[in-house]
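Here the structure is laid out as structure tokens; the discussion comes afterwards.
All of the numbers you see were taken from the coordinates with simple rules; none came from a lab. Source: prediction; values computed, not measured. Ideal geometry is used to build each Cβ from the backbone, glycine not excepted, and the neighbour counts take in all protein chains shown.
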Amino acid sequence: MQRRQRGLNMGLIMLLSQIFQIGLTNIPPVTLGTLVLNIFLFLNPVKPLIKACISVEEGFYQKDWQRLLLAPIHHADDWHLYFNMISMLWKGIMLERKLGSIWFAYIISTFSILIGVVYMVLEFALGEFLNDPSYNLNCAVGFSGVLFALKVLNNHYNPGRVSNVMGIPVSSKYACWLELVAIHLCSPGTSFAGHLAGILVGLMYTMGPLKMIMKTCAGGFSSFNDSVRQSNSYSGYSNHPGYSYNTQRDYGMYTGGLTEEEQFERAMRNSLNDRDFSAGRYHHERRPYGFWFPSEQLSEEEMRRQRLNRFERR
């Protein structure tokens, strides 16, 4: 696999133009760092693509595990880089601001490696199921698998939207599946298994145990925990996977734990008890906020007498 040359690298020029048009200060740090890393390695690759791509043969059988790190951040040509990084730009801006930079960086790192593992499992399963060992030789590079996973996350945190896929309006919940098929039909050279691996990893995070496992693994690091708390309290919403707007509040601090009937009775009693007058002298006593609880219980006759006395003074 060799890098395809496209003259002046118009894809790279368009990508840089788009980044500077948005403004570096408007791009969150992890998203910006991911863009810079991919652009830098496109211009200065660590290894040739044939030695950076991930496959069952090279990754599993040859034990070349470093390909799990290299494959997502290497691209075949400038347009491959352009389309992936433009997608990363918009998904990163939305997700990083919602999840926090530290947790988002954790997600990017974990997804990049895990998608490579799932990709090899899928290719191996296809080879065994179809009795075709050539699937073990399929070698993939690029960030698109991670982007499919991020798309699942973005649709999960922003439900109810409608996406336009090749002119077809579709619920964002199913958009990634339609894109998976559409991209494979329009560009047969793309890695179907790589994109599917991204969707599966995204679902493992939003619907499966992956998120809990990641939280458990990060439990010993306070910076990770702070980021998790930041993401859970984003925009004041409660810690709910669907970002429900209905939060549970402790109203006991305002009601004293009383029922509505007890609150009404207490309010009536406070209105009848004349605590501001004692033996004809006015006390400048400031009552606390909320319901005021008298120190002793008065009989109905005593409350009636105090009420009459109060009206007589007025």
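L178 to F20: FRET efficiency via 1/(1 + (r/R0)^6), r the Cβ-Cβ distance, R0 35 Å, to the nearest 0.05?
On the way: r = 32 Å, r/R0 = 0.92.
Given R0 = 35 Å and the Cβ-Cβ separation, E is 0.60.
Need one word for region 1-81: rounded, prolate or oblate. Basis is the Cα gyration tensor (sqrt eigenvalues a ≥ b ≥ c); a/c below 1.5 gives rounded, then a/b vs b/c decides. Can you show the working numbers first?
Working: a/c = 3.61, a/b = 1.68, b/c = 2.15.
Oblate, because a/c is 1.5 or more while a/b does not exceed b/c.
PRE reach from F129 (point 7 Å along Cα→Cβ): which of region 193-212 fall under 12 Å by backbone N?
Answer for this model: 193.
Pairs K51/K98; K51/K173; K47/K91; K51/K91; K91/K215: which exceed 32 Å Cα-Cα? Working shown, then result.
Working: K51/K98 36 Å; K51/K173 36 Å; K47/K91 28 Å; K51/K91 29 Å; K91/K215 22 Å.
Those over the limit are K51/K98; K51/K173.
Which order, highest average first, do 83-91, 182-190, 138-146, 50-58 follow once you tally other Cβ atoms within 10 Å for each residue and take the mean per peptide? Show your work: numbers first, answer last.
Values: 83-91: 18.6, 182-190: 11.4, 138-146: 25.3, 50-58: 21.0.
Order by mean packing, descending: 138-146, 50-58, 83-91, 182-190.
Sort the following peptides by mean Cβ neighbour count (other Cβ atoms within 10 Å, averaged over residues), highest first: 21-33, 62-74, 108-120. Could you put the intermediate results ahead of the total?
Values: 21-33: 13.9, 62-74: 18.6, 108-120: 22.0.
Those peptides, ordered most packed to least, come out 108-120, 62-74, 21-33.
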